[in-house]
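Before any comments, here is the structure.
Bear in mind these aren't lab numbers, they're just calculated from the coordinates by the rules spelled out. Given the structure is predicted, the values throughout are model-derived calculations rather than measurements. Ideal geometry is used to build each Cβ from the backbone, glycine not excepted, and the neighbour counts take in all protein chains shown.
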Amino acid sequence: MNRFLLPLGIFIVLVAFLAVGLNLNPREVPSPLIGKPAPAFELPQLHKPELSFAPKNMLGKVWLLNVWASWCVSCRQEHPILVDFAKTGSAPIYGLNYKDPRADALRWLKQYGDPYALSIADAEGRVGIDYGVYGVPETYVIDKAGVIRFKQIGPVTQDVLEAKILPLVKELNK
Amino acid sequence: MIPELGHFALILALIVSLVQGTLPLIGAHRVNNGGRAWIALARPAARAQFFLIVFAFVCLTWAFVANDFSVVYVAQNSNSRLPLEYRLAGVWGGHEGSLLLWMLMLSGWTVAVSLLSRHLPDAMTARVLGVLGLIAVGFLAFILFTSNPFERLLPAAADGRDLNPLLQDPGLIFHPPMLYMGYVGFSIAFAFAIAALLSGQLDAAWARWSRPWTTAAWAFLTFGIALGSWWAYYELGWGGWWFWDPVENASFLPWLVGTALIHSLAVTEKRGCFKNWTVLLAIAAFSLSLLGTFLVRSGVLTSVHAFATDPRRGIFILILLATVIGASLFLFALRAPKVGLGGSFGLISRESLLLMNNVLLVVACGSVMLGTLYPLLIDALGMGKLSVGPPYFNAVFVPLMVPLLVLMALGPLARWKHADLAAVLRRLTFAFVAAVAIAIAVPLLYGKWSPLTAMGVLLAAWVAGGSVVAIIERRRTGGLAAQPLHWWGMHLAHVGVAAFVLGVTMVSSFQEEKDVRMEPDDTVSVGGYSFRFIGVREAMGPNYRAMVGELELSRDGKVLRTMQPEKRAYLTSAMPMTEAAIDTGLLRDVYVSLGEPVGERAWSVRAYYKPFVDWIWGGCLLMALGGVVAISDRRYRMRKAAASTAVPQGAAA
């Protein structure tokens with residue numbers, strides 16, 4: 001074997017990797033939770049703290065879980081889209097109010113409108129850890145069997161809503 | 001009409017480069033068989049190609065100046081309110097235009113070779129220009145088939161989308177052209193190497209011809225990288241100067257190999273050894289330039305330098321990359337076994353020191369490359385997503401540089417063939433003692449002594465000391481005036497490295513940073529300087545609205561100046577931009593940037609004290625200048641060199 005072929009050999013391996021790499025999207029961060037049951041929890045509701053909410057109450061329905069906070073600037077950006085979406089009634093949105101003082105959260109909803117069927121108060125962010133929340137906002141689509149089918153990291157844009165969330169919700173509701 | 005002319009010129013250039021890339025090579029192959037006429041085609045073809053590319057480039061520039069928004073590329077990268085200087089720089093602000101710039105540089109380098117190669121054998125020139133012609137074919141095809149800058153938009157846009165605000169800065173005007181001059185310049189070293197492999201004449205003459213071209217490319221690349229780093233420092237508002245970002249690494253990889261190459265070329269020229277190794281480095285330097293283009297243009301890696309990504313383009317560059325590098329490595333595998341070994345040398349000699357320099361630089365390049373491509377490799381193997389950050393690079397890269405810097409002082413003092421290590425060390429006693437004294441004193445003067453800081457200072461002083469000793473010795477023997485310019489160039493570049501190392505050490509050891517919320521009349525102090533926040537007012541720029549902060553800089557109660565960091569909102573995009581205010585000094589920068597408004601009159605403000613930070617870029621500038629001085633050496637000038645092409649054919653076995 002000619003040892004001068006070695007650089008060529010190394011290069012061919014590198015090209016193979018680059019070719020595979022071309023078909024991957026480095027910006028897509030997969031969530032390990034997709035296809036898994038939504039982690040269980042039981043937390044007080046934001047508006048009526050004496051009542052609680054648990055994902056198991058939602059079995060049999062397709063629903064969205066949206067992580068939000070009054071201190072989150074990007075939430076303001078996605079908020080009108082959620083408000084419009086809620087009006088269509090295609091699926092209920094449940095808000096997970098993340099690490100937020102209750103008074104601030106209520107004031108924020110009053111000011112910008114409340115698209116949520118109800119909001120859940122996760123004051124310490126424990127549930128956020130179970131759901132692998134990187135940052136606020138994040139949105140999960142959960143199916144009738146309580147399995148997470150989609151996760152949006154960052155604000156929901158009109159494009160994401162129309163291209164991904166709406167078709168998925170329609171499909172799951174069939 | 002004018003964009004169509006530009007497009008047509010590009011098509012003609014492709015045809016000309018097809019001629020340039022084939023006939024002269026065939027002619028050189030059968031030089032005694034009536035090939036001379038074909039060889040003679042090389043120079044006129046190179047000139048015609050240059051003229052056509054310049055014409056196309058002028059057409060695109062005109063479209064920018066005249067705000068012709070019926071051209072897609074102009075509509076995407078310009079705006080009628082964009083100031084003229086940025087409309088000119090906008091020509092290379094996007095993908096298509098920067099490729100055209102690449103092409104302009106390539107044809108410029110090619111025509112330079114055709115003009116400055118009269119002393120070379122005609123067959124050699126024909127081969128070099130032929131190889132460059134083939135590269136031009138690849139790039140012109142890439143431009144015409146996937147990235148045509150002259151594509152029309154019908155109906156025309158009313159106004160353009162504007163140049164990315166990050167790029168609206170004087171730094172952008174010069175950074176890409178300098179960087180590309182370096183990238184593309186390595187194509188000349190590559191073409192010489194391939195020409196030598198094709199002809200089978202790998203000898204000292206070949207090394208001598210390619211040396212000035214390689215050094216020139218290296219100097220441009222050094223300057224280009226330094227400009228990019230300086231730009232990131234004042235434009236991104238984080239006060240950092242190097243982020244180990246994939247795109248930065250893409251320019252750093254060819255630099256590391258290019259540095260190895262200019263050193264190993266010296267050995268090949270003087271002693272006729274390392275020939276295979278030098279050829280391989282020349283191929284590697286250009287391959288890494290191409291790989292850098294691929295990484296940036298194809299979007300396989302995420303980076304702050306986000307360019308639009310189109311998979312078709314990625315595939316095209318990958319095929320180009322595979323063809324160019326694959327073919328040259330195959331040619332290398334065919335020809336290398338027949339190349340002799342050259343002169344022998346002792347265990348301690350200038351050759352062996354330069355060999356160690358090469359090994360260290362190539363290993364450093366390999367480790368940076370591994371870190372850059374690792375996320376891609378892991379992803380391609382389906383093992384998940386991850387990113388490699390500065391901790392990896394610092395942990396791997398810095399330890400490799402330590403022995404390199406230690407050896408740097410020894411190399412220039414050691415003799416060829418066989419050197420006496422003890423004697424060299426004895427000559428360096430003065431440098432060592434001085435370096436130790438400085439390494440103890442300087443950190444203490446700055447108030448905190450730590451082993452790492454001391455080591456950095458020690459290495460910087462040691463490298464500079466090595467050059468000082470060499471200069472003093474020559475002066476004593478009265479030979480200083482007789483020293484050739486390339487000797488001065490080398491020492492200038494080595495002192496530049498010392499300045500760079502000192503800058504990096506000082507800034508990472510003694511910088512101070514404060515991130516505070518400030519209301520009018522609040523003061524914050526860093527590094528003995530205090531900033532009094534006066535307030536923020538609104539101002540209009542040509543195509544942006546700015547919030548201009550005013551801070552009064554003072555030291556020991558004495559007011560020095562007012563600093564005005566800005567936060568700009570460009571009218572055409574939502575992206576807010578920071579413009580830091582920097583007070584530059586020889587021994588320190590004070591740097592302040594405006595964050596977000598927090599509350600009614602309060603702002604978050606970031607203030608930095610950065611000792612010796614300008615030495616980083618000053619050092620790079622000295623290195624580049626060293627390169628320029630080295631190539632102005634008399635022996636590289638045409639007529640002189642013409643007499644010496646009959647250099648003995650090395651010590652080829």
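Of note:
- Ranking B:L82, B:Q49, B:L163 by Cα position along the charge dipole of region B:1-163, where only Lys, Arg, Asp and Glu carry charges on their C-beta atoms, puts B:Q49 farthest toward the positive end.
- Label point 7 Å beyond Cα of B:N394 along Cβ direction - residues of region B:497-520 with amide nitrogen under 20 Å: B:500-515
- Between region B:454-502 and region B:201-270, the Cα center-to-center distance that results, in Å: 20 Å
- Proximal lysines to B:K338, defined as alpha-carbon separation beneath 21 angstrom and excluding residues fewer than eight positions away on the same chain: B:K270, B:K275
- Chain A: DSSP helices with Cα axial extent of at least 18 Å and average Kyte-Doolittle hydropathy no lower than 0.0: A:6-22
- Under the shape rule built on the C-alpha gyration tensor, where the axes satisfy a ≥ b ≥ c, region B:511-619 is oblate, since a/c reaches at least 1.5 while a/b does not exceed b/c.
- FRET efficiency estimate (nearest 0.05) - Cβ-Cβ, B:V65 to A:L118, R0 35 angstrom: 0.05
- Spacing of the modelled spin labels on B:Q483 and B:E552, each 7 Å from Cα toward Cβ, amounts to 5.1 nm.
- Dipole magnitude for chain A: computed about the Cα centre from +1 point charges on Lys and Arg Cβ and -1 point charges on Asp and Glu Cβ, it is near 280 debye.
- Ordering B:L400, B:L18, B:L586 by the projection of their Cα atoms onto the charge dipole of chain B, which places +1 on the Cβ of Lys and Arg and -1 on the Cβ of Asp and Glu, puts B:L18 at the extreme positive end.
- Furthest towards positive pole of dipole, B:F330, B:L341, B:L106, structure part chain B, Cβ charges: B:L341
- Magnitude of the charge dipole, the protein assembly as shown, Cβ model with Lys/Arg +1 and Asp/Glu -1, debye to 20: 2940 debye
- Ignoring lysines fewer than eight residues from A:K99 along the same chain, the ones with Cα atoms less than 21 angstrom from its Cα are A:K48, A:K110, A:K151.
- Working from label points 7 Å from Cα in the Cα-to-Cβ sense, the B:R427 to B:E151 distance is 6.1 nm.
- Listed by Cβ neighbour count within 10 Å, with the fewest neighbours leading, B:R415, B:R634 appear as B:R634, B:R415.
- Sorted largest first, extent of chain A alpha carbons per principal axis (Å): 78, 37, 29
- Under a model in which nothing but the beta-carbon of Lys, Arg (+1) and Asp, Glu (-1) is charged, region B:204-409 shows a dipole of about 720 debye around its Cα centre.
- Taking every DSSP helix (H) stretch of at least 4 residues in chain B, weighting each as -39,500 (n - 2.57) and dividing the sum by the residue count yields a mean residue ellipticity at 222 nm of -21500 deg cm²/dmol.
- If you sort the three axes of the alpha carbon gyration tensor as a ≥ b ≥ c, you get a/c of 1.5 or more for region A:75-115 and a/b above b/c, which makes it prolate.
- For B:K514, the lysines whose Cα falls under 16 Å of its own Cα, not counting residues fewer than eight places away in the same chain, are B:K610.
- Taking other residues whose beta carbon is less than 15 angstrom from the beta carbon of B:T61, and scoring Lys, Arg as +1 and Asp, Glu as -1, yields -2.
- One Cα centroid belongs to region B:1-64, the other to region A:61-103; the line between them spans 61 Å.
- Cα gyration tensor shape of chain B, rounded if a/c is under 1.5, else prolate or oblate by comparing a/b with b/c: oblate
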